[in-house]
Structures are given as structure tokens and as C-alpha cells.
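The numbers here are math on the coordinates, done by the rules we state, and not lab data. None of these values were measured; they are calculated from a predicted model. Glycine gets a Cβ as well: all are built from the backbone with ideal geometry, and neighbour counts include every protein chain shown.
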Amino acid sequence: MTTNQNASNASADTAAVIDGVALSAKLREDITRRTVALKARGVTPGLAVLLVGDNPASAVYVRNKVKACADSGLHSVLERYAADMTEAALLARIDALNKDPSIHGILVQMPVPAHIDANKVIEAIAPEKDVDGFHIASAGALMVGQPGFISCTPYGCMKMLESIGYDLRGKHAVVIGRSNIVGKPMAMLLLQKSATVTICHSATQDLKAMTLQADVIVAAVGKCNVLTADMVKPGAVVIDVGMNRNPQGKLCGDVDYEAVRQVAGFITPVPGGVGPMTITMLLVNTLESAERHL
Ligand code: GUN
């Protein structure tokens, strides 16, 4: 088994843990250095984060994003709006931010209230400021292998695979989940690296038969214990995108971590795995947007 400074295993019988906190810290050193260089050339990377309504989980996420910007020297503004903000008012605000030269990235935290059309909101963001990578232009660019912003969570997962020196070429990767934000872009990124990719979802008939063939499993469903130890081939790499609460209120991913780590070769923990990497890649995208602007 390969190990390096971002993956550690307590015993030879259990999976090496890919530490998203440690990897993020390493990547953020580079982000801070590039931000300093950009500032010296007169440009401070700027991110606008818009939150509509009072979803408590979203409030925590946006606070973490704004704090991460500050920690790395990026400028950020957090704009909070009441849950009854009209769609027209939100679209008008996005239009103003599209034209604001101090802002290089615009992020509208999802979900938005039901009376607002999320697709309209996403398409209103200028593609060159779409640091979430949700715009149809960003998704299309990824699909055809053109440069564009990559959705932060799958981008972070790819960095985690890169950190352990994993060669995806010819490997079988199984992605569980088909969301526009994670599952679909994840599959595209794995395909770009020449993996054979299977996307599983709620209508998949025999999930276990699929995952047992996988060299790499990315679980992005949003439900505890979707992936159990009997579903994992010994030595497989398991990436857990889930961030859920179990019936006891304890934070858990989509993977039965304690059991799966006895079988897998590498595994990402929750918390401390993909979560911090998502925010790190948001910083990377914002910084790249500012660099392109310059
Ligand atoms: N809601 C949950 N994850 C995300 C994310 O990465 N970006 C946005 N904008 N909303 C989210």
C-alpha cells in the first residue's frame, strides 16, 4: 500500500485515511502565496456569497466559506437576504455583481427558497464568475474537456486521489449519485483520467454487484450507511461525499466508516475528508478567476 503525508493508517489491517484537513492546509499555503502575489499586482481576489433564507446548515456553510477566504487573504462579502426575497430582486443583485470588478466569484448558496427557480439563478451568474461550476457553460466545458470552472466537491475528490498518487487509467470507478453538483461532474472527471465509470442511482437494481467491481467508489447520495463493508472490494479507494445526521443526531457520511475501513485500501473520513476540500477548491476557483481577470 502506498502511503504519503496526506494518507495515514493506524494499522496495516485498516485503510489508509486520506486526511482532507491536512491536504487542504497544504493547498491553502499555495493559495495564500498566490493571493499575496496577485495583491502585489493590484488585484485582490473577491468572492460574493449570497444566502437567501435562514436554513441553519446553509448559514454554517457560508460562514465557513467566508472565514476560509479571510484566512487565505481573499476578499469576500456575505450577503444575507430574507426568505421572501423575490426572484427578480435576486437576479438583479447577481447582475450587479456580474458587473462589479472587485468580485471575481459569485456563489448563491443552495437550496434557494421554493419560489425561486434555482436554474434561473445559476444561469444568471456570468460564466467567468461561476466559481461553483454550476452554470450550464461550466458543465458543458467539463463535458467536452474545455477549460472552465469545475464544481468544487468533485474537484476536491480528484485532488484527494491525486494526493495518494492514484493512477485512474483503466480502473473501474463507481459513482453513487447523479446530481448535477457532484455525481455527474465527478463521473466526467474520472472519465477524463481514463477510468471506466459507472454511475449508480436510486433506480440501480443491484448496487452491491456494481460496487464490488469497483477500484474506486465515490459515495454521494446524502444518506447514512449507503455503502457497507460487504459492498467493497478489498483494497478499494472509498471517497465519502456524504454529510448527514444519523437518527441519534451524530454527523455521518454515506459510508459505514468503521466497517468499510477494515476492507478498503484508502478511505476519506467524515468530518475531515471531502468537506474541507470543497471549500479549498472554491478558493482555488476564485483565485483562478482573479488571475484570469488580470
Ligand atoms: N449547497 C450545498 N453545497 C453547495 C455548494 O457547493 N455551493 C452552493 N452554491 N450551494 C451548495
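Would you check if residue 210 is more than 16 Å from the ligand (Cβ to nearest atom) and surrounded by 18 or more Cβ atoms within 10 Å (Cβ to Cβ)? When the stated conditions are applied, residue 210 passes them. Here residue 141 clears all of (1) within 16 Å of the ligand (Cβ to nearest atom); (2) over 24 Å from residue 27 (Cα atoms) except the condition numbered (1).
From the list 133, 165, which one is crowded, with 21+ Cβ neighbours inside 10 Å and either out of contact with any Cys (no Cβ under 7 Å at 6 or more places or on another chain) or under 23 Å from residue 26 (Cβ atoms) (or both)?
Exactly one of 133, 165 is crowded, with 21+ Cβ neighbours inside 10 Å and either out of contact with any Cys (no Cβ under 7 Å at 6 or more places or on another chain) or under 23 Å from residue 26 (Cβ atoms) (or both), namely 133.
For the range 150-191, a residue qualifies if it is over 20 Å from residue 270 (Cβ atoms), hydrophobic (A, V, I, L, M, F, W, C) and more than 16 Å from the ligand (Cβ to nearest atom), and the qualifying residues are 168, 187, 188, 190, 191.
Residues in the range 54-91 that are under 20 Å from the mean Cα position of the chain (by Cα), farther than 16 Å from residue 103 by Cβ and surrounded by fewer than 16 Cβ atoms within 10 Å (Cβ to Cβ): 56, 57, 59, 60, 63, 64, 67, 71.
Set side by side, the residues 138, 102, 151 differ, and just one is touching a Gly at 6+ places or on another chain (Cβ under 6 Å) and surrounded by fewer than 20 Cβ atoms within 10 Å (Cβ to Cβ), which is 102. Among residues belonging to the range 101-118 that are within 13 Å of the ligand (Cβ to nearest atom) and not β-branched (Val, Ile, Thr), point out the one that is nearest to residue 62 (Cα to Cα). The extreme case among them is 109.
Residue count for the range 213-234 under the criterion of being assigned to a helix (DSSP H, G or I) and crowded, with 23+ Cβ neighbours inside 10 Å: the result is 1.
State yes or no: is residue 245 more than 13 Å from the chain's Cα centre (by Cα), among the charged types (D, E, K, R), within 16 Å of the ligand (Cβ to nearest atom) and surrounded by fewer than 15 Cβ atoms within 10 Å (Cβ to Cβ)? Judged against the criteria, residue 245 is a match.
Evaluation of residue 272 against the conditions (1) in a loop (DSSP other than H, G, I, E, B); (2) more than 22 Å from the chain's Cα centre (by Cα) shows that the sole unmet condition is (2). Elements of the type helices (runs of 4 or more DSSP H) sitting completely within the range 94-212 and holding at least 3 residues that are touching a helix residue (DSSP H, G or I) at 6+ places or on another chain (Cβ under 9 Å) and in contact (Cβ under 8 Å) with a residue 40 or more places away in the chain: these cover 136-144, 152-163, 183-192. The combined condition, being surrounded by 19 or more Cβ atoms within 10 Å (Cβ to Cβ), under 25 Å from residue 152 (Cβ atoms) and within 16 Å of the ligand (Cβ to nearest atom), is fulfilled by residue 253.
Among the residues of the range 33-79, the ones that are more than 14 Å from the ligand (Cβ to nearest atom) and not in a helix (DSSP H, G or I) come to 11 in all. Take residue 94 and tell me if it is within 16 Å of the ligand (Cβ to nearest atom), closer than 22 Å to residue 39 by Cα and crowded, with 16+ Cβ neighbours inside 10 Å. When the stated conditions are applied, residue 94 does not pass them.
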